[in-house]
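Some notes on the structure that comes next.
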Amino acid sequence: MVVQRRSEYARMVPWLRAWGKKILSRTSPDSEHFRYLSHVPQLATWKRYHREEYPTFDSRYELYDYVSRTFLAEIANYYLEFGVFNGDSIRYWSEIQTHTDWRFVGFELSRACLRNGEI
Ligand SMILES: C[S@@+](CC[C@H](N)C(=O)[O-])C[C@H]1O[C@@H](n2cnc3c(N)ncnc32)[C@H](O)[C@@H]1O
């Protein structure tokens, strides 16, 4: 009985794989999200092997804090961001900079990304 189930499963695998590919290619052609997800395991492996050599972070905001604290604490500067999307990063940077001389400039190709002219 178990052997029979396994062989049924084995027969279904190629069909399931083909069906999955077809659905994915029709619903999410050239998806940025899937491309991003495909790199997550590689990044996790890289972090595991290089954690001692380089600082690694669990979120981009931890990285921004580190860069700000370590390299930019005492200087006034310009922050230019090309492709701000909905402004999460540029907003965060503007919040963590205490120096009043900082200037923030963001560029965005798509008007749809800008939430009601907030940024
Ligand atoms: C991954 S999102 C950016 C996320 C954002 N930097 C953040 O940290 O929250 C990439 C953005 O870049 C924009 N973009 C792509 N090419 C661009 C260009 N040549 N000039 C300006 N914006 C561009 C896209 O419209 C998209 O909103």
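The values are calculated or read from the model by the stated rules, or taken from the named source; none is laboratory data. Just so it is clear, the structure is predicted and the values come from calculations on it, not from any experiment. As a convention, Cβ positions derive from the backbone with ideal geometry for all residues, glycine included, and neighbour counts pool all protein chains shown.
Table for the structure above
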{"read-out": "Output for the range 74-89, where each listed residue is under 13 Å from Tyr64 (Cβ atoms) and either assigned to a loop (DSSP other than H, G, I, E, B) or near the ligand (Cβ under 7 Å from one of its atoms) (or both)", "value": "Glu81, Asp88, Ser89"}
{"read-out": "Pairs where the first residue, in the range 81-97, is farther than 15 Å from Leu63 by Cα and the second is within 6 Å of the ligand (Cβ to nearest atom), C-beta under 6 Å, 6+ apart", "value": "Phe82/Phe107; Val84/Glu108; Phe85/Cys113; Asn86/Cys113"}
{"read-out": "Count of residues meeting criterion [within 14 Å of the ligand (Cβ to nearest atom) and either among the hydroxyl-bearing types (Ser, Thr, Tyr) or in a loop (DSSP other than H, G, I, E, B) (or both)] in the range 90-115", "value": "7"}
{"read-out": "Conditions (1) within 20 Å of the chain's Cα centre (by Cα); (2) part of a helix (DSSP H, G or I); (3) not basic (Lys, Arg): number failed by Pro29", "value": "(2)"}
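One line per residue, one yes/no per condition, for (1) within 16 Å of the ligand (Cβ to nearest atom); (2) in the same structural domain as Ile90 (by TED's automatic domain parsing):
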site: Glu8; (1), (2): no, no
site: Val13; (1), (2): no, no
site: Trp19; (1), (2): no, no
site: Arg35; (1), (2): yes, no
site: Leu63; (1), (2): yes, yes
